[in-house]
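A short worksheet on the structure shown next.
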Amino acid sequence: MADKKLSKHVDQLDAALQQVQQSLGPILSQPLSETLPRLSAIERCELEALVVYSIDTLFWIYLKINGVPPKEHPVMNELQRVQRYIAKINKAKGVQEKKDERPMKVDKEAANRFIKNAISSATTENN
């Protein structure tokens, strides 16, 4: 029973690692020194952040697999630092995080003051 469960987890890990290799393969198939000059500044930032985040995440997984608590390891600080940079990149691109997207609220009191002021000004001008 335990062997089947472990085998299932190993197969899932293997499939996930293959997906990572397929995703990063085209990006890393040529040296970054050749890829970066062809990109815009924002695209370079995105690519560099992607590479660093991927490496840090894989190291985090490595620690987890080997029984080292990754939350207590400096790699966690590095992941958080890269996440902040990714947020800055997205902000520069005009992309907002869902938690930051708030619908606009109407200030009813201010709207009522504007309307009352406009009505009183209009009635004063007509008289």
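A compact table of results
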| quantity | calculated |
| --- | --- |
| Ordering of 51-61, 108-118, 83-93 by burial proxy (mean other Cβ atoms within 10 Å per residue, highest first) | 51-61, 83-93, 108-118 |
| Average accessible area per residue (Å²) across the stretch 9-89 - probe 1.4 Å, nucleic acids and ligands excluded | 72 Å² |
| For the stretch 48-99: relative contact order, % (alpha-carbon pairs under 8 angstrom, 6 or more apart) | 38 percent |
| Contour excess over end-to-end distance, with Cα ends at A110 and Q21 and 0.36 nm allotted per residue | 26.4 nm |
| For the stretch 75-91, 3J(HN,Hα) per residue [Karplus equation, 6.51 cos²θ - 1.76 cosθ + 1.60, θ = phi - 60°, Hz, x = Gly/Pro] | 4, 5, 5, 5, 4, 5, 5, 5, 4, 5, 5, 4, 5, 5, 4, 5, 5 |
| Nitroxide proxy distance, nm - points 7 Å out along Cα→Cβ at L6 and I65 | 1.5 nm |
| Sum of side-chain charges, M76 neighbourhood, beta-carbon under 15 Å (Lys, Arg +1; Asp, Glu -1) | +1 |
| Distance (nanometres) between label positions extended 7 Å along Cα→Cβ at L58 and S33 | 2.1 nm |
| In Å², nearest 10: area of L39 left accessible to a 1.4 Å probe | 50 Å² |
| Relative contact order %, the stretch 1-101, counting alpha carbon pairs below 8 Å whose residues are six or more apart | 24 percent |
| Extension gain (nm, one decimal) between K93 and N117, 0.36 nm per residue minus Cα-Cα | 4.6 nm |
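The values are calculated or read from the model by the stated rules, or taken from the named source; none is laboratory data. Not measured: the values here are computed from a predicted model. Positions of Cβ are backbone-derived with ideal geometry, glycine not excepted, and every protein chain shown enters the neighbour counts. We work out accessible area using only protein heavy atoms, side chains counted, and drop any ligands, DNA or RNA first. Shrake-Rupley method; radii C 1.70, N 1.55, O 1.52, S 1.80 Å.
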